[in-house]
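What follows is a single structure, written as structure tokens, with notes after it.
No value in this document is a laboratory result; all are computed from the given coordinates. Keep in mind that this is a model prediction, so the values were computed, not measured. Cβ coordinates were reconstructed from backbone atoms using ideal geometry, including for glycine residues, and neighbour counts include every protein chain displayed.
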Amino acid sequence: MLTICLFILALAQPIHLAKNEKRILLNDPGLIEQRLTHLEHKIQTVESENQLLKDRINQYETAKSDRKGAIYTRWGRKNCPSNVSVEIYSGYAAGGWWNDKGSPTNYLCLPPDPISSGKSVSSGCNHLFGVEYETTFWGTHSHNEDAPCAVCSAASETTLLMIPGRDSCYPGWTKQYNGYLGTNRLDYVGATEYVCVDKFPEYLNGGERATDGALFHPVTYQCGALQCPPYTGNEVVSCVVCTK
């Protein structure tokens with residue numbers, strides 16, 4: 001009996017909490033509301049931080065997407081195809097002299113706003129010349145006209161492919177433009193690469209004088225080791241520039 005009395009007495013005594021510790025009473029509506037308000041504030045803070053993180057991820061993905069387009073040159077045109085690419089610059093097609101043994105093989109697209117190197121040499125160097133269309137194959141009045149070019153970035157694709165012998169891309173690829181293969185003439189000494197010259201070439205203003213330089217001649221199939229069919233002898237070679 002004495003033990004039970006002592007236990008009841010102990011329950012009646014106030015409970016002393018540790019310093020800075022608060023006691024939650026289930027029958028105190030004000031304290032419960034205070035705690036709920038605090039919890040709602042915490043949730044709002046977490047949601048705000050989460051949204052900020054999502055915005056930063058979206059900004060990063062957008063910036064990464066803007067950087068990933070495949071780069072290519074559209075030969076023979078002043079602008080890029082606007083529906084599938086972004087123009088980096090519009091410039092001048094250039095290359096080595098058509099009959100120089102030491103001419104490099106590749107064509108270049110020179111920008112319209114060069115920055116001077118401030119240096120010059122008088123001999124022992126190679127040269128860059130503008131490109132001219134040769135023959136009237138490229139258009140009724142194309143002979144001796146100077147060729148433009150444009151450097152383009154595909155809107156979203158990262159892989160670039162120039163397909164000779166076709167004017168359309170394979171399924172799953174996006175066509176940037178199509179045209180005909182162009183390079184130096186067969187009996188000229190200067191070596192040049194094959195490039196895809198746009199099917200509807202443009203000309204630079206005042207470029208109709210026959211100053212030569214680097215040249216665009218069309219290319220034809222020659223049967224023998226090259227199977228005919230499917231190819232046709234002496235037919236001009238088409239080309240298409242595709243991205244994916």
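Numbers at a glance
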{"quantity": "Rg to Rh, two decimals, where the range 103-244 supplies the alpha carbon set and Rh follows Kirkwood", "calculated": "1.00"}
{"quantity": "Ranked packing of 233-243, 167-177, most packed first, by mean Cβ within 10 Å", "calculated": "233-243, 167-177"}
{"quantity": "Calculated Rg and Dmax of the range 178-244 using C-alpha coordinates, Å", "calculated": "14.2, 43"}
{"quantity": "Burial ordering of ILE32, ILE88, ILE115, fewest other beta-carbon atoms within 10 Å first", "calculated": "ILE115, ILE32, ILE88"}
{"quantity": "LEU52, LEU181 arranged by Cβ crowding within 10 Å, fewest neighbours leading", "calculated": "LEU52, LEU181"}
